[in-house]
Amino acid sequence: MNLISTVRSGDSKSTAPPATNGHNAATCLQRLYAPIERPLRQVEARLISELESPYEALLPLLRHGTQLGGKRLRPALLLLAGKAVGSIGPEHIVLGTVIEMVHTATLVHDDVLDDAVTRRHVPTVNARWNEHTSILLGDYLFSQSFRLAATLPSTEACRWIGEAARLVCEGELRQILDRNTIDLDESTYLDIIRGKTAELCRVACQLGARYAEGSGEQVRALGSYGESLGIAFQIADDYLDLWGEDGAVGKTLGTDIEQGKMTLPVIRLLQTADRSQRTRIIRILRGPVADRLPAIRPLLEDSDAAQYTRCTALRFCDHAVRSLDILHDSHAKTCLQAIAEFSVSRRF
């Protein structure tokens, strides 16, 4: 019996659940969010109210922006971390809204960088409007998020979220500057995704614990959980970009190879290739954009790249689960464990 199917029982045993597809993933997450169902609805309502404008022409754009975040994973992590440590207060609702706005801003800008046309089964802002609108919407969301964070009595959350946003942007910049860098190693790749994806998960969990009056040790442990979860999640996404299905995932796939992003499957392929194969792989990666994916896919299939990528994601998933050992057993803790496993099983 897997952890996701037993979250209501409070069983804290960690075993990998079966893979989930796009259809049942939402149902699965609804179960995992059960301990925070009401506060998560409050975050959703606050998000909608914060993205209102007196200018009617902006409303379709702002409402469209609220659809892009999809799973509301980061505010859910924040709320579950708070619940696992203590109790959820009004500050958690504000912070959950702030985190989701920052996350959505990064998605909007990401879609411009990737020239993506769909996300969560809906057109991206740049596809429906244009790139200029996308950039300005992302800036609007960043600005609104920090204005809201500043309404809290302490500046601590502003500082933590500001630093997290900086590290996300730093990670994205490093990835852009390292495009087509054939000799990018695994350590550098992990460091980049630690910033661009894992940082918001880390700070969400830390804020949830901190504002539930968790101890310093608990706050650090939940930060470690969030970081490992975020890394596992991104590795799974990079796997999916090569082996996923558009209909199940809900966003444009196959863009990493075309844009020269060095993700773990390709890094592993290059690591294990002999000299002749490596020369061939490099020629493909530097060749015509449209030819890259079909040419490299057979080489990936003949290597251990897929298995290695899965195992690496599962290793970070396991670290995330073990980070929660400091917490007393609870429904919220069990759901956090299951979310870590879901983050990889949904992909593989």
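Note on region 259-279: among residues that are surrounded by 15 or more Cβ atoms within 10 Å (Cβ to Cβ) and charged (D, E, K, R), the one that is farthest from Arg194 (Cα to Cα) is Arg278. Among the candidates Arg202, Arg210, Arg166, Arg194, the residue that is within 17 Å of the chain's Cα centre (by Cα) and crowded, with 21+ Cβ neighbours inside 10 Å is uniquely Arg202. Within region 335-345, none of the residues are part of a loop (DSSP other than H, G, I, E, B), over 17 Å from Tyr189 (Cα atoms) and modelled with pLDDT under 95.
Looking across region 141-160, the residues that are out of contact with any Ser or Thr (no Cβ under 7 Å at 6 or more places or on another chain) and in contact (Cβ under 8 Å) with a residue 12 or more places away in the chain come down to Phe142, Gln144, Ser145, Phe146, Ala149, Thr151, Leu152, Glu156, Ala157, Cys158, Trp160. Taking the criterion of being of a type in the set (A, V, I, L, M) and assigned to a helix (DSSP H, G or I), the residues of region 109-130 that qualify are Val112, Leu113, Val125, Ala127. Has region 46-57 got at least one residue that is at pLDDT below 95, touching a helix residue (DSSP H, G or I) at 6+ places or on another chain (Cβ under 6 Å), within 23 Å of Leu336 (Cβ to Cβ) and in a loop (DSSP other than H, G, I, E, B)? No, that holds for no residue.
The values are calculated or read from the model by the stated rules, or taken from the named source; none is laboratory data. This one's a predicted model, so the numbers in the text were calculated from it and none came from an experiment. When we count neighbours, we look across all protein chains shown, and the Cβ atoms used for this are built from the backbone with ideal geometry, even at glycine.
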